[in-house]
Amino acid sequence: MRTGIVIGLGETGQPLFEILKEAYPDMLGVDKATPQSPEQVQFMHVCIPYSDDFVDTVLRYQERYSPEVTIIHSTVPIGTTLSIEKSSGCSVVHSPIQGRHNRMKKDLLKYRKWVGGAHYPELEVHLDGAGFKVKYTPFTSTTEKLKLMCLAKYGVSLAFAKYQKKTMGDDYHHSCQWDEDYNLHVGEDLQRPVFDKLTDVIGGHCVTQNTRLLNEQYPNPMLDEVLKYAEESETAPKIWEPCNIYPSAKIGENVSIGAFSEIGHNVVIGDNVRIGAHAFIPEGVIIEDNAWIGPRVTFSNDMYPPSGKDKWQETLICVGARIGAGVCIRPGVVIGAGALIGMGAVVTQDIPAGETWAGIPARRMEKGNDNNNRSQTSVEDFSYMQ
């Protein structure tokens, strides 16, 4: 009989498998793409993400591998482990994962490995032999609740920090310093969480998903607020600091702006726009939905600087247009929907929708005949450079 198997080799399953494999060389790891053949194992570790068919999936794996004990490491709704145990008639426990994804292997051995359910001495020996520090509790619902509650509590703290940053604006860093000063003079039981490097999301994907699972079983207004902030975060602009973005700029949903970019007064950016690093986009530029602006793209609004704001010209980038790295765009032009501008081009006139232009100054490219139907140019198109 094989010692065990790990089902699911993702962000948590792979490091768990590596730890167990070092202690038990005959451990098997399987994922969706892994060829599977039936054989009996002593321990089956389940690390697949929760979904509507989670229970049925685990039951199928139990039938295939006939484990003596099944260990559910996944974060699941309360009562899931007991449901699997009753349906299968097999021994099933719940042992949630603790740790950060980017250092999961180290954290798995750092924290105690909580196991909820009946105490199986052979499982304790199995986990202890791999280096885990085991902590037992008699009910699977206890560990299921612990994991969901702890993640939701973290989400509540993050949601409040987001609210605090939104309310305080540039003064938010003072709030972090305030809490850091406080933490220097109190015990660990009174420490305040400090989020001095807030991102645009409410924690990792697991925080949002698992807060939602808990809220479905135990509805609570606080959790509603966490999920509200999470939904706002999912569509909020992703701005990679440092950037200089004027407050009057109008930026749509699901926008990404690369570091060291400048977005000027009254610039309008639609939804689902991607802007690379070091882009310069001054007042008068309108970028419609789904456009792609490469790194170091430079727009201008003044044809004969400095001519005065009354002579500035607007530039329009239409829906789905793509502009390659290092392109310079003259003020007052319109780049049509779905147009493609090759890297390093200098755009001096309007570009019709759907066309591909490149060069200095940019000119229309002829369609090639290769299998990928990529745009290419003829020698004549570059005659102006000779």
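The values are calculated or read from the model by the stated rules, or taken from the named source; none is laboratory data. Computed from a prediction, not measured in an experiment: that's the story for all the values here. Counting neighbours? That spans all protein chains shown, and the Cβs are built from the backbone with ideal geometry, glycine included.
Side notes on the structure shown:
- Checking D56 against (1) out of contact with any Gly (no Cβ under 9 Å at 6 or more places or on another chain); (2) closer than 24 Å to L108 by Cα, the condition it does not meet: (2)
- Options G336, G359, G342, G324; residue that is small (G, A, S), closer than 16 Å to F280 by Cα and crowded, with 17+ Cβ neighbours inside 10 Å: G324
- Residue satisfying all of: in region 336-386; in a strand (DSSP E or B) and among the polar types (S, T, N, Q); modelled with the highest pLDDT among these: T356
- Any hit, region 306-315, residues being of a type in the set (A, V, I, L, M, F, W, C), crowded, with 19+ Cβ neighbours inside 10 Å and either out of contact with any Leu (no Cβ under 8 Å at 6 or more places or on another chain) or not assigned by TED's automatic domain parsing to the domain that holds V267 (or both): no
- Filter result for the condition that a residue is modelled with pLDDT of 95 or more and among the small types (G, A, S), over S66, S91: S91
- Residues in region 76-95 that are within 27 Å of the chain's Cα centre (by Cα) and either aromatic (F, W, Y) or crowded, with 22+ Cβ neighbours inside 10 Å (or both): V76, T80, H94, S95.
- Residue selected from region 132-149 under the condition buried (at least 17 other Cβ atoms within 10 Å of the Cβ) and of a type in the set (A, V, I, L, M, F, W, C), by the criterion farthest from Q217 (Cα to Cα): F132
Listed here are the residues, each with its yes/no results for (1) within 21 Å of L109 (Cβ to Cβ); (2) without any contact (Cβ under 8 Å) to a residue 40 or more places away in the chain; (3) not in a loop (DSSP other than H, G, I, E, B).
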site: V6; (1), (2), (3): yes, no, yes
site: G10; (1), (2), (3): yes, yes, no
site: F43; (1), (2), (3): yes, no, yes
site: S51; (1), (2), (3): no, yes, no
